[in-house]
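Novice: Pasting a structure here, questions to come.
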Amino acid sequence: MTVTHLHKNLDHWSERVDLAAAFRWTARLNMHEAVANHFSLAINDEGTRFLMNPNQVHFARIKASDLIVVDANDPDTLSGPNAPDATAWGLHGGMHRHCQHARCAMHVHSIHATVLASLADSSLPPIDQNSAAFFNRYVIDDHYGGLAFEQEGKRCAHLLTDPRKKVLIMGNHGVMIIGDTVADTFDRLFYFERAAETYIRALQTGQPLRILSDEIAEKAARELEEYPDQGARHLDELKAILDDEGSNYSQ
């Protein structure tokens, strides 16, 4: 029996593979932050037990079997091997403990989302189809309180109580994206970064912006939300590319 087959005896194997692929592609897109930032995925109904990347491991090296199980209600989790640091515990533990619909949570300091979060006005106007997808579907946190230890994580989680709003623009910090699955969440993360980049580049021209009406922006957002299986197909294609390249992400 190969090592790969042994690894498949781990619980939640398909979810582990999806999450590992998301880590690898995030690194490829240069949306990671050295050996910081974390993704998590709830594995129980309450959302309090979740998969997470091991501490201080580069996204480009993470494999499905590397992912650790964290219990948001058990602080002893932090004493286990490769346990997440206190900020990962604070932010993701808080998200899964206080925001049950956040089945998957992805936090990054990607360049364009962080530039947006650094502006005095961090709103994202609907200037194209990608940015319209987030119309009335994000929350801006204007009260950065330092590193995301437990109280800061709890505060951030309470900003995402509206299930329709799945993006938290973390002022002076970065972005937190939540979703139902790894595929759903990663797809949202990818398109939010693209939308932020388009907006930042448009601002750099110094020309007036062509902003969609609220009616059309909302229509586009609803149509994109209802577009079938986009996230799943996106992630399947990324996994196929990684497989073709002989990546070990799924081990």
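Novice: Return only the number of the condition from (1) crowded, with 20+ Cβ neighbours inside 10 Å; (2) assigned to a loop (DSSP other than H, G, I, E, B) that Val175 does not satisfy.
Specialist: (2)
Novice: Let me ask you something else. Is it the case that region 178-197 has a residue that's crowded, with 21+ Cβ neighbours inside 10 Å, part of a strand (DSSP E or B) and in contact with a strand residue (DSSP E or B) (Cβ under 7 Å, 6 or more places away or on another chain)?
Specialist: The answer is yes; a qualifying residue exists.
Novice: Out of the residues in region 30-87 that are at pLDDT below 95, in contact with a Leu (Cβ under 8 Å, 6 or more places away or on another chain) and part of a helix (DSSP H, G or I), which is surrounded by the fewest Cβ atoms within 10 Å (Cβ to Cβ)?
Specialist: Per the criteria, the residue is Ala86.
Novice: When region 138-189 is examined, which residues are found to be out of contact with any Lys or Arg (no Cβ under 7 Å at 6 or more places or on another chain) and among the charged types (D, E, K, R)?
Specialist: Once the filter is applied, which keeps residues that are out of contact with any Lys or Arg (no Cβ under 7 Å at 6 or more places or on another chain) and among the charged types (D, E, K, R), region 138-189 yields Asp141, Asp142, Glu150, Glu152, Lys154, Arg155, Asp162, Asp184, Asp187.
Novice: When you scan region 112-134, how many residues do you find that are aliphatic (A, V, I, L, M), in a loop (DSSP other than H, G, I, E, B) and out of contact with any Pro (no Cβ under 9 Å at 6 or more places or on another chain)?
Specialist: 4
Novice: While we're on this one: What number of residues in region 108-134 are closer than 21 Å to Ala88 by Cα, surrounded by fewer than 20 Cβ atoms within 10 Å (Cβ to Cβ) and free of Cβ contacts under 8 Å to residues at least 60 places away in the same chain?
Specialist: Final tally of qualifying residues: 0.
Novice: Out of Ala72, Ala113, Ala88, Ala117, which single residue is aliphatic (A, V, I, L, M) and out of contact with any strand residue (DSSP E or B) (no Cβ under 6 Å at 6 or more places or on another chain)?
Specialist: Criteria check complete, one pass: Ala72.
Novice: Here's a follow-up. Kindly provide the set of residues from region 153-172 that are buried (at least 20 other Cβ atoms within 10 Å of the Cβ) and out of contact with any Cys (no Cβ under 8 Å at 6 or more places or on another chain), ordered by number.
Specialist: Those that are buried (at least 20 other Cβ atoms within 10 Å of the Cβ) and out of contact with any Cys (no Cβ under 8 Å at 6 or more places or on another chain): Gly153, Cys156, Lys166, Val167, Ile169.
Novice: Just the residues that are in contact (Cβ under 8 Å) with a residue 40 or more places away in the chain and either closer than 18 Å to Ser110 by Cβ or more than 13 Å from the chain's Cα centre (by Cα) (or both), please, taken from region 167-182.
Specialist: Ile169, Met170, Gly171, Asn172, His173, Gly174, Val175, Met176, Ile177, Ile178, Gly179, Val182
Novice: Going residue by residue through region 200-222, is there one that turns out to be in a loop (DSSP other than H, G, I, E, B), charged (D, E, K, R) and modelled with pLDDT under 95?
Specialist: no
Novice: If the Cβ limit is 7 Å and pairs must be 6+ apart or interchain, which residue in region 135-155 that is assigned to a loop (DSSP other than H, G, I, E, B) pairs with which residue that is of a type in the set (Asp, Glu)?
Specialist: Within 7 Å, the pairs are Phe135/Glu218; Asn136/Glu218; Gly145/Glu152; Gly146/Glu152.
The values are calculated or read from the model by the stated rules, or taken from the named source; none is laboratory data. This is a predicted model, so every value here is computed, not measured. Virtual Cβ from ideal backbone geometry, glycine too; neighbours counted across all protein chains shown.
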